[in-house]
Structures are given as structure tokens and as C-alpha cells.
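Novice: Let me give you the structure first, and then I'll get to my questions.
Just so it is clear, none of the values below were taken in a lab; they were calculated from the coordinates. As the structure is a prediction and not an experimental result, all values here were calculated from the model. When we count neighbours, we look across all protein chains shown, and the Cβ atoms used for this are built from the backbone with ideal geometry, even at glycine.
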2 protein chains.
Amino acid sequence: MIPRERIMGIARETFRSFGFAPIDTPALELLEVLSGKGSDETDRQLYKFTDNGGRNVGMRFDLTVPLARFAAQHISKLSTPFKRYHIAPVWRGENTQAGRYREFVQCDFDTIGTLSVVADIEMIVVIDSLMRAIGFDRFTIRVNNRAVLTGLLEHLGLVEKATPMLRSLDKLPKIGRGATIQEMVDVAGVSAEQAEAVIAMAQCSERMSGDNAASYDATFAKLLEVTGGNETAKNGIERLRETVNGAIAAGVDPKRLQLDVSIARGLDYYTGVIVETFLDDLPSIGSVCSGGRYDNLAGLFTKQHLPGIGASLGLDRLLAAMQQLELLPTAATPAPVLIAFFDSERQNDYLRMATELRRQGIACEMYPEPKKLGAQLKYADDKGFQIALIAGKDEWTAGKVQVKDLRNKVSIEAVYSHDSPSGLVEAVRSMLNQSEGHLLA
Amino acid sequence: MIPRERIMGIARETFRSFGFAPIDTPALELLEVLSGKGSDETDRQLYKFTDNGGRNVGMRFDLTVPLARFAAQHISKLSTPFKRYHIAPVWRGENTQAGRYREFVQCDFDTIGTLSVVADIEMIVVIDSLMRAIGFDRFTIRVNNRAVLTGLLEHLGLVEKATPMLRSLDKLPKIGRGATIQEMVDVAGVSAEQAEAVIAMAQCSERMSGDNAASYDATFAKLLEVTGGNETAKNGIERLRETVNGAIAAGVDPKRLQLDVSIARGLDYYTGVIVETFLDDLPSIGSVCSGGRYDNLAGLFTKQHLPGIGASLGLDRLLAAMQQLELLPTAATPAPVLIAFFDSERQNDYLRMATELRRQGIACEMYPEPKKLGAQLKYADDKGFQIALIAGKDEWTAGKVQVKDLRNKVSIEAVYSHDSPSGLVEAVRSMLNQSEGHLLA
């Protein structure tokens, strides 16, 4: 929970710094709001029951359906663009496995009510800022625009087969080229040549080599050629160019951007830019932050057309990755300093010392009982404290405190009295600054 | 949600600074964990159902029962003292009213596994730190120790009537002295004299007048007299003295402490110190942060004896109070600055300006479309932005930005270029510093 909360805190700060405002919605929604809004699978996995008031209700399975309900209900009172974030648990009664739980937290941010490319760009900038604020340096944001794929399908006369085609395409990284072509032929009923054309285009994946979207020019030209001058594809490519250049202007390091025409992400839903975010040191864990532009958020709840764009940080997946990469602190305490309670006559003095450290921004815990020092230091080790402060009768008399580094067991002596705590504060700070530097430590 | 999240963030920071670690537990618990653990009322209000796996489950109605279940299950792996906080929603199917909802957030902190008075003192220091960090100056922490009341009941030979007596006593502020005595006589079956003795003692309520617990000496002497030398009462008074002196040594301003023998708070449960926290400017809203020491947290789940102490911030009640006291900001954006999108040729320049402000810690939003300035300023007003930054063709050419204070409509001009944003940053900072100073603004 310590790294979970820190990441959620960083996400909140990042979203706010772009003007996204928090909302919350109830865990329970009327069943009619939730049913039929996701897939057959989410319907099956729904936790639902009849409440004491006879209402059929369910526990939300994502934060998008509640946002759609909320937007449909309140949009007349909300100025657009309506920018919201929502960090909250959702529930799915599925079979659990590593990184998949029946209750898990989603961190969503969305901008509703604008078609502007500025919102597309901003989504990428938010993801970049968020990943860097968490402490990542090596990650790649893969960018696509659904219009490119749509344009190709239009050009090939396969628009009506878009859904099965793109579902098959999503499986490409897993099942490989041959099996994907076979599935497209079998399920979507296209020719092998058509399937090959789609896959050939989707396999365009290119990391940025220069400092603006011109480094994609050769690929863009190839995409234009493959799509035979189709207008939809052309607009998609132009929009991609503008999106990428905007993100770089806003400070995204070009080395973190990759054009990837294969990413489709449930294309029934997305209509414009699509992004996925991969850790360079663990790409196999999948995208840790994904999203895109959609045409009509609240279509199921209102006639008003509400376009939007947003993405979601996969908190549990990111934490699983960080654990695998050994980027997580193991301490079971959020406070680095334990004040040993040594001389029972000095109870109030230890309490005051703790207050003085906290006033200087140093989180610390006072051991509550004057037990043997060994027991207190064992507690400190078990919990992962970094420093123990030890003052017995002699130290109090001499105006000194032992500052013990629990990692290397080295102690130094610091001058301390209630009226001038700065010697102790400086000693603790300097010892903490030598810490190991886990992300989020 | 903006002030809600800020208070929750302050609570997290405060709890952590004392070494409390976050835990989370699932919203759903097995029904057998929840049933019969609260009152008849919480049983009736439980949201419960049978899940797809045939398990009878319920949604937690507080955070204490899940803590008890968690502690019973894991205490062998947790070092004690185990200090945890838990900020999460709970659900009760009750009739809603102002400040009472079917889903609401509790902010609990508890220390499990120690009987030390240091933990009693720390609870008061945490509450004081939390209230001050939120921004309150005028509040009172009322302190009692259940042992004082227990001692009196022992002295009067009424121990077996403790539950109905104290339930009646809890009603004293609402129904008055006469009705409380009548109820004690009718329900608990005590004599009018006995009822009067209990009430007379409970009415001891005294704000601290000196700078340590000696200012209570006259009251303590009276309590000792009334309880006729009873040992339980004597120990309770000594413990109160130590608790109050420790809190003051740890930095709690004595003017914020009040001895109040009447507070009982469901005395079946609490066994030692009890506290309630009142806003001096709105005491009628009730206690906004309450807690105390209990003997046996997990008795229903394990034979191991787990004493503990903790308190809970009533987030919804506190927000209701802050709204009534006009201490809440009204802005619907967490970002104070809106960058108007004015010159469509400069899209990437506005994006870069936004990034530079954020890098300096200034949260800002760029309007996503080059609409008419009037529409953008209306949006800024609707959302409660404090500052609009306006740069058109001429400003960009001249290397300047208009910084408009949206509260008093005064504009100043700041020098700005991507390479030297400091003039703009300083202008924005200085304008923000003149803001109205709502708590949490």
C-alpha cells in the first residue's frame, strides 16, 4: 500500500497540474446503468443484487460507464471542456491471477466535449509527465490513429468487416502473422491478400529518429501509398503528425515516441488517436497506460453528442512491473526514523523530540514502551526503518543523541536540546540523503 | 471533491509523519465477518448478497471490523505496535440526510498491540496536527478516561448497570438533566440519588487554564472525592494527568484541551482514554474527530488479546462544517491558471508555455480550441480560474504575455519567451499570492 498510495498521489498531482478536476461516483450504480455497457464478459462478471429498497444495483466494473452516466446527467451544468480524473476501485467477479484481482484500482483521466488536437497532444504529455514523476526514465509511448487503419479498410472495401478484422489484428503479437491471416480469412471472410495488406501496414512500427515528426516521413509516404490516397487515412496521418509535433513542443522527449500502426485497442470504441505505454525494461508486461479518442461517450444515456479523449493508468500492472524490476521499497513504514524509548523518565522529552523532527519535515515514530533496546531495534529492522535515534540518561544529560544508520549499523553522535534541535535535524537529513534510491523510496 | 481530496491528502501526510502505514481491505467481506459485529442497526443497514461463487458477502459498514479481521489474520506476521491508517469508503443502507450518506469515507488511524500511555498521548497529538494542517486554529479536543466513570459506577455499586447508565448519559446534552435522571431511574432501575451522582460528576467539564494538567487539580480532587477513593477512578485520573501533560510536552497548545467527564462514546467498546474534537465556531455540528482506547480489538475473531487505540476523522461532517463556515474554495478546477488559445498559428507555443509553468510548480490548463476570447474567459469564470494568460500575434512578436487577474479584472504585462520564462512565472506567482486565502484554496 505504501508505493500504491504514493503512485496514486503522484497521479493526482499530475492530473491536477493540467487542470483535471477530481470526481467520484458511487460504487453502486443502478443495474440498468451498468448492464450491456461493457462486453458480455463484464456483464457476466458483474456483482449485482437487489438492495433493501428493492432496487436492482451493481458494483461498477470500470470508471468509464459511471463517467458516461455522470456526463449525460450533468453536462448542462458543466462547462466544456470538462476535464476530470477519477482514481477509485472497480469490481469484476473474474478468476484471479497475478496482477488481476476482483477489486482493483483504476486511475482515469478524460477530457470531454472537444475535438481539438490539443487534447490529443495533452493526453500524451500527461502520460509522459506521470511516468517521469513516478521515476521512470526508460519507457515508450506508442502512438497510432485509428483513422489510418480505417482508411485502409475503406480502401480495401472492408469497412463492414472492421470489427472482426481489428479483433484479429489485436492478436498479432500473440499468435503471429500466419495465424492472424488465417483467422481473418476464416472469421471475417476476407481474402488472404486483403488480410496480408492489413497486416503489412499494421507492422509499420517506427521509433522516432529525429526531433520531430518529419522522421516518420518515409513511413507516412508508404502508408499514403498503401491506402491509395484514401481521405480518412490521409487525415489520420496529418493528425498523427500534428499530435507528435505538439507533444515534442510540449517537452516530450522524442526518443520516447514510437509510431505503431498495429495498436487498435477495441476499435469499436476509439475513433482517433490511440496510445499505449511500455516499459523499455519490461515490455512483456504490456501497456501500463493506454487510452485514446472516442466519438460519443454518453451515447447510451443521452442524445447529446459528447466526444472525448482519455487514458487510464494500470496501477496494479505498473506495481507488478516495478516489483519485478526491483524498483519498489520494501519498508513497511512510511516514516524513516524510529525514536527508541530508552529512559522511562524522559517520556515527554522523546515526545517533544518527535514533534521537533516532524516540524522539520522528518517523519518519525516514537517506540511506545521503554523496552530493551534490542527489542526496539529488532522492531526497527522488521519494519524497515532507516535510522534509529537513541538517547539514554547519559545522552540526555550531555545534550546528545546517537543517530544510528540501520542499514550499515554505523552510529554518529549529534548535539541536541529542545531549544536547538538543528544539529540532530541535520544529522538525520544527511543520513537519509545517503539512502539507496529506490523509486518511491 | 477538490477539498475532499485535499483533506484526505493532508490526513495521509499527517498519519505517515507519525509512522502509521496505509492498509486497504476489500469492499466486500464474507457476511459472517460483518454480521453481528456492529449494532442491530448496522446489521439492518448492511448491503449483502450472494456472489457468483455462492458466497454470502456484504459491503463493509466501517473500517474497524475489517481491521479486526485483518489483525486477527495477520498479527503473527506484523510486528507490534502495528500502526495503520485506512482512508476508504464504507456503506450503510440508511435514510440519507444532510451530512449522512449511504456511501461515505472514513479516515481511521489506530495503534494495535500496546497499552502504553505514549499511544494515548500520540492520538491527541495526531488529531491536533491534523486539524492544524487542514488549517483550523479554533478547535477543542475534549479528553476523558472511561475509568473515571467506571470507578464511580463501581463506587455506587452500579457496575452491572453500566451499559444503560452510560447510554442515558450520552443523551444528556440532547435531553437535559431532568429527563436523563428519569431515564436512568426508569431504564437502568437506579435510584434518583445515584443518577444524580453520576450526572453531577459527568458535568465536570473544564477548559485548561494553565500550561499543564495541574490546572485540573481542583477538579481531579473533586472527582477523587466523589468516587470515594475507588482505585479504578484513581488510576483513570492519574492516566488522564499523564496523557494531558504528554500532549502538551509534544506541542499541543493547552488552550485546545478540555477535560470533559461526560463523554462516553459507546462505552461497551472503549476502556481508557476517550477524545472528541469540536470546532469552536460550530460546536453544534458535533465531534469531527473522535476515538479512544479499547481493550480487545479482535476478540470476535481470535483468542489473542489485542489492545489498541485509535480515532477517526469524520470527513463528511468536517466538510459540511467547513461549508457552513465558508471555509471551502468554490473553484471547480484544481489549476489556478488558464492559458487562452488565441492565435491558432501558435498552438505549440501555448503548449510549451504550459509545460514551462508546470515545471515551475504552477498548475495550468490550456484552452483546447482557438475560440473567441470572450468564450474562453467565460469558461475561466465558470470554473473559477484565478488568472488568464493572454497572448495574441502582437504579444508573441513582442515577447510579452498579458496576465489577467480574473477576480479584479486587472491585467499586467509580463515579459516571456521560451528561453526565459521567469518574468511570466514571477508575475503569475505574485498574483496568486494575493489570493483570498480560503482554507485549502
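Novice: Taking the alpha-carbon distance from B:K234 and a cut-off under 20 Å, which lysines remain once sequence neighbours fewer than 8 residues away in the same chain are dropped?
Specialist: Correct list for B:K234: B:K222.
Novice: For chain B, what is the calculated [θ] at 222 nm in deg cm²/dmol (nearest 500), taking -39500 (n - 2.57) for each run of four or more DSSP H residues and dividing by its residue count?
Specialist: Details: 16 runs with 178 residues, N = 441.
The helix-only estimate for chain B comes to -12500 deg cm²/dmol at 222 nm.
Novice: Please state the shape class of the range B:337-433: rounded when a/c is under 1.5, otherwise prolate if a/b exceeds b/c and oblate if not, all from the C-alpha gyration tensor.
Specialist: On the way: a/c = 1.39, a/b = 1.06, b/c = 1.31.
Judged from the Cα gyration tensor, the range B:337-433 comes out rounded (a/c under 1.5).
Novice: When only Cα pairs under 8 Å and 6 or more residues apart are kept, what is the percent relative contact order across the range A:118-214?
Specialist: Values: 38 pairs, mean separation 18.1, N = 97.
With pairs under 8 Å counted, the relative contact order is 19 percent.
Novice: D for the range B:189-317, whole µm²/s, Stokes-Einstein with Kirkwood Rh over alpha-carbon pairs at 4 °C and 1.567 mPa s: what number?
Specialist: 79
Novice: Along each principal axis of its Cα atoms, how long is the range B:264-417 end to end? Whole angstroms, biggest number first, please.
Specialist: On the principal axes, the range B:264-417 reaches 76, 35, 24 Å in Cα extent.
Novice: Please give, to one decimal in nm, the separation of the simple spin-label points placed at B:D51 and B:N296, each 7 Å out from Cα toward the Cβ.
Specialist: Taking the two extended label points, one gets 3.0 nm.
Novice: Classify the range A:71-155: rounded, prolate or oblate, from the alpha-carbon gyration tensor (a ≥ b ≥ c, eigenvalue square roots; a/c under 1.5 rounded; otherwise prolate if a/b is larger than b/c)?
Specialist: Details: a/c = 1.37, a/b = 1.15, b/c = 1.19.
Taking the square roots of the gyration eigenvalues as a ≥ b ≥ c, the range A:71-155 is rounded.
Novice: Show me, for the range B:27-39, the HN-Hα J-couplings you get by feeding each phi into the Karplus relation (A = 6.51, B = -1.76, C = 1.60, θ = phi - 60°), rounded to Hz, glycine and proline as x.
Specialist: Once θ is set to phi - 60°, the couplings for the range B:27-39 become 4, 9, 10, 4, 4, 4, 6, 8, 5, x, 9, x, 9 Hz.
Novice: Would you mind estimating how fast the range A:229-300 diffuses translationally, via Stokes-Einstein at 25 °C and 0.890 mPa s with the Kirkwood radius over Cα pairs, in µm²/s? Don't skip to the end; give the middle numbers.
Specialist: Working: Rh = 13.9 Å.
D, rounded to a whole number, is 176 µm²/s.
Novice: Continuing with this model, one more query. Based on alpha-carbon atoms only, what is the radius of gyration of chain A relative to the globular estimate 2.2 N^0.38 Å?
Specialist: Working: Rg = 27.3 Å, N = 441, 2.2 N^0.38 = 22.2 Å.
Relative to the 2.2 N^0.38 Å estimate, chain A comes out at 1.23.
Novice: Can you work out the PRE-style zone for B:E103? Point 7 Å along Cα to Cβ, and I want the residues of the range A:75-119 with backbone N under 14 Å.
Specialist: Counting only backbone N, you get A:86-92, A:104-106.
Novice: Where does the protein assembly as shown land on the Kirkwood hydrodynamic radius, alpha-carbon pairs, in angstrom?
Specialist: Numbers: mean 1/r = 0.0328 Å⁻¹.
It works out to 30.5 Å.
Novice: Right, another one. For A:356-366, what's the mean count of beta carbons from other chains sitting within 10 Å of each residue's beta carbon?
Specialist: Values: counts 2, 1, 7, 3, 0, 1, 1, 8, 3, 10, 9.
For this peptide, the per-residue mean of nearby foreign Cβ atoms is 4.
Novice: Could I ask something else about it? Rounding to the nearest 10 and keeping the result within 0 to 90°, find how far the Cα-based axis of helix B:2-17 lies from the longest principal axis of chain B.
Specialist: 60
Novice: Just subtract the alpha-carbon distance of B:L373 and B:V187 from 0.36 nm times their residue separation and send over the number in nm, one decimal. Before the final figure, lay out each step's value.
Specialist: Numbers: separation 186, 0.36 × 186 = 66.96 nm, distance 7.10 nm.
Contour length minus Cα-Cα distance gives 59.9 nm.
Novice: Shifting gears a bit: Starting from the Cα of A:A332, move 7 Å in the Cα-to-Cβ direction to define the label point; list residues of the range A:376-411 whose amide nitrogen is under 12 Å from there.
Specialist: A:379-385
Novice: In nm, to one decimal, how far is the modelled label at B:L325 from the one at A:L115, with both set 7 Å along Cα→Cβ?
Specialist: Result: 5.0 nm between the two label points.
Novice: Moving on. How do B:287-295, B:156-164, B:347-355 rank on mean C-beta neighbours within 10 Å, highest first? Walk me through the numbers on the way to the answer.
Specialist: On the way: B:287-295: 23.0, B:156-164: 15.7, B:347-355: 21.4.
Descending mean neighbour count gives B:287-295, B:347-355, B:156-164.
Novice: Put a dot 7 Å past each Cα toward the Cβ at A:D40 and A:T80; how far apart are the dots in nm?
Specialist: Inter-label distance under the simple model: 3.4 nm.
Novice: Quick one: length gained pulling B:L432 to B:Q73 fully straight, 0.36 nm per residue minus the C-alpha distance?
Specialist: Numbers: separation 359, 0.36 × 359 = 129.24 nm, distance 5.03 nm.
Gain on stretching B:L432 to B:Q73: 124.2 nm.
Novice: Mind pulling the angle between the C-alpha long axis of helix B:231-249 and the longest principal axis of chain B? Nearest 10 degrees, somewhere in 0 to 90.
Specialist: Helix B:231-249 and the main axis of chain B meet at about 20 degrees.
Novice: B:S262's amide H: which non-local residues (gap 5+, or another chain) put their own amide H closer than 5 Å, with H modeled 1.01 Å from N in plane and none for Pro or chain starts?
Specialist: Close amide H contacts, sequence-distant or interchain: none at all.
Novice: Give the angle, between 0 and 90 degrees and rounded to the nearest 10, that separates the Cα long axis of helix A:347-359 from the longest principal axis of the Cα atoms of chain A.
Specialist: Relative to chain A, helix A:347-359 is tipped by roughly 40 degrees.
Novice: Report, for the range B:2-324, the % of DSSP beta bridges that are antiparallel, rounded to 5. Could the numbers behind the result be given before it?
Specialist: Working: 42 of 47 bridges.
So the antiparallel bridges amount to about 90 percent of the total.
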